[in-house]
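This report refers to the structure that appears directly beneath it.
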Amino acid sequence: MIFFDILEHPSDLFVRVHGKSHRELIVNCIRTFGHLVVDDVPDNVTETRTIKLRGDQIENVVVDLFSELIAAIDSENLLITTAGEITGEIPGSMTVNVSGVLLRGDEAYSNVIKAVTYHDLKYYREEGFITVLFDL
């Protein structure tokens, strides 16, 4: 199953993440992030965390989520790759149990993602995907 596509963009990284429900979209955003950052996503998760997300619509929650994933790499060298239990609803707040692996520094990076942006951010509910632009 394809859970994301890389779209054409002149300078940054533009992706379409698939998900028919908010929960599926969050799971696939986390999976997508791992594949965008390293060439070979480790499957031996060693670290777990709980992420709290807030937003009145899914676009805001997705930006909040990707910001948390970027911060985990920047501050802890933690690449979060999988989602476990997700509780809560949008609008409002959600709690996501996540797992990942500490990067050693010798991994082959695909992209160094600096930030997620609101530019070109759009959820297509009927089609079941969201578009997201990252600054590299």
For this session: Classify region 70-136 as rounded, prolate or oblate, taking a ≥ b ≥ c as the square roots of the eigenvalues of its Cα gyration tensor: rounded when a/c is under 1.5, otherwise prolate if a/b is larger than b/c and oblate if not.
Result: oblate
Problem set entry | Glu126 versus Asn77: modelled label distance in nm, points set 7 Å from Cα along the beta carbon direction | 4.8
Exercise. So, counting K/R as plus one and D/E as minus one, what does the shell of residues with Cβ under 15 Å around Val101 add up to?
Worked result: -4
Exercise. Rounded to the nearest 500, what is the chain's calculated 222 nm mean residue ellipticity when only DSSP H runs of at least 4 contribute -39500 (n - 2.57) each, over all residues?
Worked result: -8500 deg cm²/dmol
Seminar exercise, completed: Between the alpha carbon centres of region 104-124 and region 28-80 the gap in Å comes to 10
Exercise. Among Val27, Ile90, Val45, which residue has its Cα positioned farthest towards the positive end of the charge dipole of region 1-91, with +1 placed on the Cβ of Lys and Arg, -1 on the Cβ of Asp and Glu, and the dipole taken about the Cα centre?
Worked result: Ile90
Problem set entry | Whether region 8-86 is rounded, prolate or oblate, judged on the alpha carbon gyration tensor where a/c under 1.5 counts as rounded | rounded
Problem set entry | Dipole-positive endmost among Tyr123, Ala71, Phe4 within the chain (Cβ charges, Cα centre) | Tyr123
Problem set entry | In nm, spacing of pseudo-spin labels at Ser21 and Lys114 (7 Å Cα→C-beta vector) | 3.8
Problem set entry | Cβ-derived FRET efficiency at R0 25 Å, Glu85 paired with Arg54, nearest 0.05 | 0.90
Exercise. For semi-axes √(5λ) of the Cα gyration tensor in Å, the listed values are (i) 44, 14, 12; (ii) 21, 18, 13; (iii) 52, 13, 10; which was obtained by calculation from the structure presented?
Worked result: (ii)
Exercise. Over the chain, what is the relative contact order in whole percent, taking alpha-carbon pairs under 8 Å and six or more residues apart?
Worked result: 31
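The numbers here are math on the coordinates, done by the rules we state, and not lab data. Here the structure is a predicted model, which means the values were calculated and not measured. All Cβ positions, even for glycine, are placed from backbone atoms using ideal geometry, and neighbour counts span all protein chains on display.
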